[in-house]
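Please read the structure below before turning to the comments.
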Amino acid sequence: MSYDPSNIFGKILRGELPAHKVYEDETALVMMDIFPQSRGHTLIIPRAPSRNLLDADPAALAGVMPLVQRVARAAKAATGADGIRLAQFNEAPAGQTVFHLHFHVIPVYEGVPLAAHAGGKADDADLSELAKAIAAAL
Ligand code: 5GP
């Protein structure tokens, strides 16, 4: 299957839809997941168009991974989480719902189970505060 630019993250990257942005540069956009699996669930979206890992340009992957690490460190520091889960899904049977490559940074808190993937919507004010806190820790 080929990349379809009408996906929701494509629209966010083009500024056609709003997002709680944490950071952006010429290679990637970082934003809060609005249906978070935990407090501080953050998405890193490379600008280079690909559906997922399987069709991605290796150079784009190499370019974005240092930012994934920075965001993981910043999310842990900003939330006080006990650990970080890194997730990335490829095609619908594997759990992918938005078909533009992205990485999930999911803070994990000792003894607190993660919410369902793409479950309930978070409060906008909370997401906005978390975006600022993670940006400050980057
Ligand atoms: P996937 O299942 O494709 O790996 O993950 C897509 C993620 O995007 C899910 O975790 C879901 O909660 C999140 N998501 C879906 N729609 C939106 C949206 O409009 N804005 C943001 N910020 N996240 C979204």
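The values are calculated or read from the model by the stated rules, or taken from the named source; none is laboratory data. Note that the coordinates shown come from a computational prediction; the quantities given were computed from them, not determined experimentally. Here the Cβ is made from the backbone with ideal geometry for all residues, glycine too, and neighbour counts use every protein chain on show. These accessible areas exclude ligands, DNA and RNA; they are computed on the full protein's heavy atoms, side chains included. Shrake-Rupley method; radii C 1.70, N 1.55, O 1.52, S 1.80 Å.
The chain has equivalent-ellipsoid semi-axes of 22, 16, 15 Å, by the square roots of 5 times the alpha carbon gyration tensor eigenvalues, sorted largest first. Per-residue ellipticity at 222 nm from helix content only, as computed over the chain with -39500 (n - 2.57) for each DSSP H run of at least four residues, stands at -10000 deg cm²/dmol.
Taking θ as phi - 60° and the Karplus parameters 6.51, -1.76 and 1.60, the scalar couplings of the range 57-72 work out to 6, x, 5, 5, 5, 4, x, 8, 4, x, 5, 4, 5, 4, 5, 4 Hz in sequence order, x denoting glycine and proline. Taking every protein chain into account, the accessible area of the chain amounts to 52 square angstrom per residue (probe 1.4 Å). Counting lysine pairs in the chain that sit 8 or more residues apart in sequence, or on different chains, and whose Cα atoms lie under 18 Å apart gives 5.
In the range 1-110, taking the dipole from charged Cβ atoms about the Cα centre, the farthest positive-side position among A94, G80, L43 is held by G80. Averaged over residues, the count of other Cβ atoms within 10 Å places the peptides 96-104, 119-127 in the sequence 96-104, 119-127, highest first.
Distant-in-sequence amide contacts of V108, defined by a placed amide H-H separation under 5 Å and a gap of 5 or more residues or a different chain, comprise D82, G83, I84, R85.
In order along the range 75-87, the phi-based Karplus estimate (6.51 cos²θ - 1.76 cosθ + 1.60, θ = phi - 60°) of 3J(HN,Hα) comes to 5, 5, 5, 6, 9, x, 4, 8, x, 10, 9, 9, 10 Hz; Gly and Pro are listed as x. Helix 124-137 axis versus longest C-alpha principal axis of the chain: approximately 90°, rounded to the nearest ten. Of the GluC sites (Glu not before Pro) found in the range 1-37, those that fall in a DSSP loop while having at most 10 other beta-carbon atoms within 10 Å are E16, E26. Here the accessible area of the range 8-137 is 58 percent carbon and sulfur, with a 1.4 angstrom probe and all protein chains present. In order along the range 88-93, phi translates into HN-Hα couplings of 6, 10, 10, 6, 3, x Hz, rounded to whole numbers, per the Karplus curve 6.51 cos²θ - 1.76 cosθ + 1.60 with θ = phi - 60° and x for Gly and Pro.
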